[in-house]
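The values are calculated or read from the model by the stated rules, or taken from the named source; none is laboratory data. Values in this document were obtained by computation on a predicted structure and should not be read as measured data. Just so you know, the surface numbers come from the protein's heavy atoms only, side chains and all, with ligands and any DNA or RNA stripped out. Shrake-Rupley method; radii C 1.70, N 1.55, O 1.52, S 1.80 Å.
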Amino acid sequence: MANVSKINGFNPVKHLNGSPYNGQATMYAHSSGDSTALFVGDVVKLVGSGNTSGIQYVTAATAGTAGTGAAAVGVVVGVVNTKLDPVTGKMTNGSIALDTPQYVPASTEQYLMVADATDVIYEVEATTAGSAYTFSAADIGLNANLYAGAGSTATGNSAFSLDMADNGTTATLPFKVVGIAQRPDNALGSACKV
(Lines give C-alpha, C1' and ligand atoms only; values in the text may rest on other atoms or scores of the structure.)
Protein backbone atom coordinates (compact mmCIF):
# COMPACT_ATOMS: atom_id res chain seq x y z
CA MET A 1 0.00 0.00 0.00
CA ALA A 2 1.36 3.43 -0.95
CA ASN A 3 2.08 6.04 1.68
CA VAL A 4 -0.42 8.87 2.02
CA SER A 5 1.04 12.30 1.29
CA LYS A 6 0.25 14.74 4.08
CA ILE A 7 2.67 17.63 4.13
CA ASN A 8 2.27 19.33 7.50
CA GLY A 9 5.64 20.79 8.30
CA PHE A 10 8.30 19.73 10.78
CA ASN A 11 7.10 17.91 13.91
CA PRO A 12 9.50 17.36 16.84
CA VAL A 13 9.60 13.73 17.97
CA LYS A 14 12.71 13.17 20.10
CA HIS A 15 16.18 14.32 21.05
CA LEU A 16 19.47 12.91 19.75
CA ASN A 17 20.00 11.03 23.03
CA GLY A 18 16.77 9.07 22.40
CA SER A 19 14.61 10.83 24.98
CA PRO A 20 11.16 11.86 23.70
CA TYR A 21 10.42 15.47 22.84
CA ASN A 22 8.60 16.78 25.90
CA GLY A 23 7.08 19.98 24.49
CA GLN A 24 9.74 22.41 25.66
CA ALA A 25 9.71 25.61 23.64
CA THR A 26 10.81 29.23 23.83
CA MET A 27 8.49 32.18 23.30
CA TYR A 28 9.24 34.41 20.32
CA ALA A 29 7.21 37.11 18.57
CA HIS A 30 6.02 37.81 15.03
CA SER A 31 6.18 41.44 13.93
CA SER A 32 3.23 43.35 12.50
CA GLY A 33 5.71 44.50 9.86
CA ASP A 34 6.26 40.92 8.66
CA SER A 35 4.04 40.11 5.67
CA THR A 36 4.61 36.33 6.00
CA ALA A 37 2.10 34.17 7.90
CA LEU A 38 3.49 31.48 10.25
CA PHE A 39 2.01 28.02 10.89
CA VAL A 40 2.71 25.25 13.39
CA GLY A 41 5.43 23.16 11.73
CA ASP A 42 7.11 26.08 9.95
CA VAL A 43 10.87 26.49 10.34
CA VAL A 44 11.73 30.00 11.54
CA LYS A 45 14.82 32.18 11.73
CA LEU A 46 15.68 35.15 13.90
CA VAL A 47 15.01 38.72 12.83
CA GLY A 48 17.46 41.39 13.94
CA SER A 49 15.04 43.05 16.37
CA GLY A 50 12.42 42.42 19.01
CA ASN A 51 9.25 43.95 20.44
CA THR A 52 8.86 46.49 23.27
CA SER A 53 8.62 43.65 25.81
CA GLY A 54 12.09 42.47 24.81
CA ILE A 55 10.93 39.34 22.96
CA GLN A 56 12.96 38.41 19.85
CA TYR A 57 11.14 38.48 16.50
CA VAL A 58 11.22 35.49 14.12
CA THR A 59 10.13 35.03 10.53
CA ALA A 60 9.74 32.06 8.20
CA ALA A 61 13.03 30.51 7.13
CA THR A 62 13.63 30.12 3.43
CA ALA A 63 15.78 27.70 1.51
CA GLY A 64 19.16 29.05 0.54
CA THR A 65 20.67 28.78 -2.88
CA ALA A 66 21.83 25.29 -3.79
CA GLY A 67 24.22 24.01 -1.15
CA THR A 68 23.96 26.95 1.25
CA GLY A 69 20.83 26.26 3.28
CA ALA A 70 19.13 28.75 5.56
CA ALA A 71 20.04 29.60 9.15
CA ALA A 72 17.14 28.45 11.33
CA VAL A 73 16.48 28.88 15.03
CA GLY A 74 13.77 26.21 15.33
CA VAL A 75 10.25 25.10 14.46
CA VAL A 76 6.92 26.66 15.47
CA VAL A 77 5.13 24.28 17.86
CA GLY A 78 2.40 26.58 19.14
CA VAL A 79 0.66 29.89 18.64
CA VAL A 80 -0.43 32.08 21.55
CA ASN A 81 -3.95 33.46 21.15
CA THR A 82 -3.96 37.15 20.26
CA LYS A 83 -6.23 37.92 23.23
CA LEU A 84 -3.54 36.77 25.70
CA ASP A 85 -0.41 38.76 26.47
CA PRO A 86 1.86 36.11 28.02
CA VAL A 87 4.40 38.70 29.11
CA THR A 88 1.96 40.62 31.33
CA GLY A 89 -0.45 37.71 31.87
CA LYS A 90 -3.42 39.86 30.85
CA MET A 91 -6.36 38.96 28.62
CA THR A 92 -8.08 41.48 26.41
CA ASN A 93 -11.86 41.85 26.37
CA GLY A 94 -13.97 39.52 24.25
CA SER A 95 -14.23 35.80 23.77
CA ILE A 96 -11.77 33.33 22.31
CA ALA A 97 -12.96 31.27 19.34
CA LEU A 98 -11.74 27.74 20.04
CA ASP A 99 -12.63 26.34 16.62
CA THR A 100 -10.44 28.77 14.64
CA PRO A 101 -7.26 27.30 13.07
CA GLN A 102 -4.25 28.52 14.99
CA TYR A 103 -1.65 30.27 12.88
CA VAL A 104 -0.07 33.72 12.86
CA PRO A 105 -1.64 35.85 10.12
CA ALA A 106 0.60 38.03 7.97
CA SER A 107 1.30 41.53 9.33
CA THR A 108 0.10 40.61 12.84
CA GLU A 109 1.95 41.14 16.12
CA GLN A 110 1.60 37.82 17.92
CA TYR A 111 3.51 35.47 20.21
CA LEU A 112 4.43 31.92 19.26
CA MET A 113 6.29 28.99 20.78
CA VAL A 114 9.35 27.59 19.02
CA ALA A 115 11.19 24.31 19.64
CA ASP A 116 14.70 25.72 19.47
CA ALA A 117 16.85 23.05 21.13
CA THR A 118 19.73 22.16 18.81
CA ASP A 119 19.41 18.40 19.38
CA VAL A 120 15.75 17.87 18.40
CA ILE A 121 14.91 15.28 15.73
CA TYR A 122 11.94 16.22 13.54
CA GLU A 123 9.58 14.17 11.39
CA VAL A 124 8.86 15.77 8.00
CA GLU A 125 7.78 14.65 4.55
CA ALA A 126 10.56 14.31 1.97
CA THR A 127 9.64 16.08 -1.28
CA THR A 128 11.12 17.49 -4.45
CA ALA A 129 10.32 21.19 -4.06
CA GLY A 130 6.96 20.33 -2.48
CA SER A 131 6.07 17.50 -4.91
CA ALA A 132 6.24 13.72 -4.51
CA TYR A 133 9.72 12.26 -4.00
CA THR A 134 10.67 8.58 -4.16
CA PHE A 135 12.78 8.23 -1.02
CA SER A 136 15.29 5.37 -0.92
CA ALA A 137 17.66 3.87 1.63
CA ALA A 138 20.54 5.67 -0.14
CA ASP A 139 19.05 9.00 0.99
CA ILE A 140 19.58 8.17 4.68
CA GLY A 141 22.56 10.09 6.04
CA LEU A 142 22.41 12.85 3.43
CA ASN A 143 21.95 16.52 4.21
CA ALA A 144 19.03 18.35 2.61
CA ASN A 145 17.52 21.78 2.21
CA LEU A 146 14.18 23.21 3.25
CA TYR A 147 11.15 23.68 1.03
CA ALA A 148 9.14 26.61 2.41
CA GLY A 149 5.61 26.05 1.13
CA ALA A 150 2.71 28.39 1.92
CA GLY A 151 0.54 27.07 4.77
CA SER A 152 -3.26 26.82 4.75
CA THR A 153 -5.22 29.57 6.51
CA ALA A 154 -8.29 27.29 6.32
CA THR A 155 -6.73 24.40 8.28
CA GLY A 156 -3.75 26.06 9.94
CA ASN A 157 -1.44 23.34 8.51
CA SER A 158 2.15 24.10 7.54
CA ALA A 159 3.33 23.29 4.01
CA PHE A 160 7.04 23.09 4.86
CA SER A 161 8.86 19.92 3.77
CA LEU A 162 12.37 18.57 3.31
CA ASP A 163 13.57 19.37 -0.22
CA MET A 164 15.42 16.30 -1.46
CA ALA A 165 16.04 18.05 -4.80
CA ASP A 166 18.81 19.92 -2.94
CA ASN A 167 20.62 17.17 -1.03
CA GLY A 168 24.10 15.78 -0.64
CA THR A 169 27.00 15.69 1.75
CA THR A 170 27.49 19.48 1.78
CA ALA A 171 27.84 20.46 5.43
CA THR A 172 26.07 23.79 4.94
CA LEU A 173 22.73 22.15 4.08
CA PRO A 174 20.62 22.74 7.21
CA PHE A 175 19.06 19.28 7.81
CA LYS A 176 20.43 15.73 8.10
CA VAL A 177 18.28 12.69 7.29
CA VAL A 178 18.75 10.19 10.14
CA GLY A 179 16.18 7.63 8.91
CA ILE A 180 12.52 7.21 8.12
CA ALA A 181 9.70 7.37 10.66
CA GLN A 182 9.27 3.80 11.86
CA ARG A 183 5.60 2.88 11.56
CA PRO A 184 3.45 0.61 9.34
CA ASP A 185 2.05 3.41 7.16
CA ASN A 186 5.49 4.81 6.24
CA ALA A 187 7.44 2.54 3.89
CA LEU A 188 10.40 3.64 1.77
CA GLY A 189 9.17 5.36 -1.38
CA SER A 190 7.06 8.39 -2.27
CA ALA A 191 5.32 10.44 0.44
CA CYS A 192 7.82 9.13 2.96
CA LYS A 193 8.16 10.76 6.38
CA VAL A 194 11.77 11.04 7.46
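Looking at the range 1-142 alone, DSSP beta bridges between its own residues are antiparallel in about 95 percent of cases. Backbone geometry of the range 23-34 corresponds, through the Karplus equation with coefficients 6.51, -1.76 and 1.60 at θ = phi - 60°, to 3J(HN,Hα) couplings of x, 5, 8, 10, 7, 10, 10, 10, 7, 5, x, 9 Hz, x marking Gly and Pro. Cross-link pairs exceeding 30 Å between alpha carbons, from the set K90/K193; K14/K90; K6/K45; K90/K176: K90/K193; K14/K90; K90/K176. Each 10 Å bin from zero up to the one holding the largest Cα-Cα distance in the chain carries the following percent of pairs: 9, 35, 35, 16, 5, 0. Atom-type composition of the exposed protein surface of the range 117-194 places 55 percent of the accessible area on carbon and sulfur (1.4 angstrom probe). Averaging over all projection directions, find the projected area of the Cα convex hull of the range 95-182 and quote it in nm² with one decimal place. Mean projected area of the Cα convex hull: 8.0 nm². Based on every Cα atom in the range 71-144, Rg and the maximum pairwise Cα distance Dmax equal 17.8, 55 Å. Restricting to Cα atoms and excluding each atom paired with itself, what does the Kirkwood estimate give for the range 1-80 in Å? Its Kirkwood hydrodynamic radius stands at 14.5 Å.
Residue-wise HN-Hα couplings along the range 158-165, as the Karplus relation 6.51 cos²θ - 1.76 cosθ + 1.60 with θ = phi - 60° gives them from phi, are 6, 10, 6, 8, 8, 8, 6, 6 Hz; Gly and Pro carry x.
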